[in-house]
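Everything below concerns the one structure shown next.
Computed from the coordinates by the stated procedures, all read-outs in this text should not be read as laboratory data. What you are looking at is a predicted structure, and each value in this text was computed from that prediction instead of being measured. Using ideal geometry, Cβ is built from the backbone for each residue, glycine included, and neighbour counts are taken over all protein chains shown.
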Amino acid sequence: MPVSPRRYTTSGVRYIVGSAFFFSLMSLFVKASGRTLPAQEVVLFRSLVVTVLSWAWLRRNNVPEWGNRRGLLLLRSLFGFGALSCFYYAIIHLPLADATVLQFTNPVFTAFLAAGILGESMGVGAFVLSLLSLGGVVLVARPTFLFGTLAAPLDHYAVGIALLGALGSASAYVTIRVLRTTEDPMVIVFNFAFFSTVVAIPTALPGFHLPGAREALLLLATGLTTFLGQVFLTHGLVRERAGRATAIGYLQIVFAALWGLLFFSEVPAPLSIAGAALIVASTIRLAGEPVAR
């Protein structure tokens, strides 16, 4: 029996929610690992684990790992690694809340790029709900440039780098939408992970710290949850329109707030709770919003 477009879209939403859950776990493990290990070393091991897991899956299923459209796969990997690098730069040079809210502007770029390149469109209702989700992100992150009138001015260059990272993420998402017709989702995951591993080696070698048993477990968990997050995200983007799919990914912030409370005793502020409620409500409604043609 053929799968209806409606059921196909619903499965895409579930994959995106799953990716938000696993990526939030990844953030938890990265935060724990980063207490004793350099950030680029975490990036290297994370990418290495994902490379091994995705390669093993491809070998087992007799799928050629380099795909059919190698140029686009390389482009997706470049966009992804560039976005990751920009995001880390922003985290280092900006308050974490500011860097986070700037990174989560990527659905706006995604919707714009998807409309211009792929001819996709979002209905008015879906667009409004996406903006409400972004409003929830702002409430959760509470950036100082909006809520802290006495805060020091932000580094304008770092803000530009953060927005460039968001644009890079959006470009990677749109590229996945182009690749969905010719590439197995795991091929896309493998190529991104392999590229990131190769590029991360020279940046991780200076100051390399040999992981202990606990650190090795955290790095393994980071790689495993990254792998699952990438798999779910790629399947979700294959099944769901790019702008709406990435907006649903805002749920990652809700999950992250929960891990912060459970593992780091980070009690959410009232605005965080309000923002989380807005994100959840908008996401649930967004999942049922008709797709514009």
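A few notes on this one:
- In terms of other Cβ atoms within 10 Å, PHE104, PHE21 run from fewest to most in the order PHE21, PHE104.
- A dipole drawn for region 38-109 from +1 and -1 charges on Cβ atoms has a positive end, and of PHE79, PRO38, LEU102 the residue lying farthest that way is PHE79.
- Mean separation of Cα pairs under 8 Å and 6 or more residues apart, divided by the residue count, gives the chain a relative contact order of 42 percent.
- Exposure proxy for ILE16, ILE117: other Cβ atoms within 10 Å of each Cβ, ordered fewest to most, give ILE117, ILE16.
- Note on the chain: helix-only mean residue ellipticity at 222 nm, from DSSP H runs of 4+ residues weighted -39500 (n - 2.57) and normalised by residue number, equals -25500 deg cm²/dmol.
- Counted as membrane-span-like here are DSSP H helices of the chain whose alpha-carbon atoms extend 27 Å or more along the helix's own axis and whose Kyte-Doolittle mean is -0.5 or above; these are 5-33, 39-60, 70-93, 156-179, 185-204, 213-239.
- For region 160-253, the calculated P(r) over all alpha carbon pairs, in 10 Å bins from 0 to the bin holding the longest distance, is 13, 37, 34, 14, 1 percent.
- Mean Cβ neighbour count within 10 Å, used as a protection proxy, ranking 194-202, 36-44, 209-217 highest first: 36-44, 194-202, 209-217
- Cα pair distances exceeding 26 angstrom across region 5-287, given as percent: 41 percent
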